[in-house]
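Enquirer: Encoded as structure tokens, here's the structure I'll be asking about.
The values are calculated or read from the model by the stated rules, or taken from the named source; none is laboratory data. Fair warning: this is a prediction, and the values are worked out from it, not measured in the lab. Every residue, glycine among them, receives a Cβ derived from its backbone with ideal geometry; neighbour counts consider all protein chains shown.
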Amino acid sequence: MTSAKPKHHTINYIELPMTDAAATKTFYGDVFGWSFQDYGPQYMAFSAGEAGIDGGFNGFEEAQPAVAHGALVVLFSNDLPATLAAVEQAGGAIIKPIYDFPGGKRFHFTDPNGNELAVWAE
């Protein structure tokens, strides 16, 4: 987890549920270039250096499954169409194709675990 002292009342870590560690590593590695630190077969962490915030994927039984319409993690891309193509090529499901919103464009997808995330560009 993070080695720097967390700042009071800031988002410090994001944890997502995981059902398939191998598929998760392949998907996020291929699409976003993330690497992972394994903490046993049921948990792996990613770093803020690659992802923008420290976080992890939890595959333990007590981890709650992905919840539709819960908190939405939004990633940034310099090339939205290329990122959408990479998500599709890696097996992600596009659930909202690229659309305009105030400030830019974005799309939503589900990862191999069923988690919904979005990607935006200016």
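Enquirer: Restricting attention to region 88-122, and to residues there that are in contact (Cβ under 8 Å) with a residue 24 or more places away in the chain and at positive phi, which single residue is surrounded by the fewest Cβ atoms within 10 Å (Cβ to Cβ)?
Expert: Here the answer is G91.
Enquirer: Something else: Please count how many residues of region 1-38 are more than 21 Å from G92 (Cα to Cα) and either out of contact with any strand residue (DSSP E or B) (no Cβ under 8 Å at 6 or more places or on another chain) or part of a loop (DSSP other than H, G, I, E, B) (or both).
Expert: 13
Results for (1) within 12 Å of the chain's Cα centre (by Cα); (2) not in a loop (DSSP other than H, G, I, E, B), shown as yes or no for each residue.
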position: G40; (1), (2): no, no
position: G49; (1), (2): no, yes
position: F57; (1), (2): yes, yes
position: E61; (1), (2): no, no
position: A82; (1), (2): no, yes
position: A86; (1), (2): no, yes
position: Y99; (1), (2): no, yes
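Enquirer: Check off (1) of a type in the set (A, V, I, L, M); (2) part of a loop (DSSP other than H, G, I, E, B); (3) touching a residue at least 12 places away in the same chain (Cβ under 8 Å) for A71 and give me the number that stays unchecked.
Expert: Here A71 clears every test but (3).
Enquirer: For M44, which of the numbered conditions (1) in a strand (DSSP E or B); (2) of a type outside the set (K, R); (3) more than 17 Å from T110 (Cα to Cα); (4) at pLDDT below 95 fails to hold?
Expert: Failed condition: (4).
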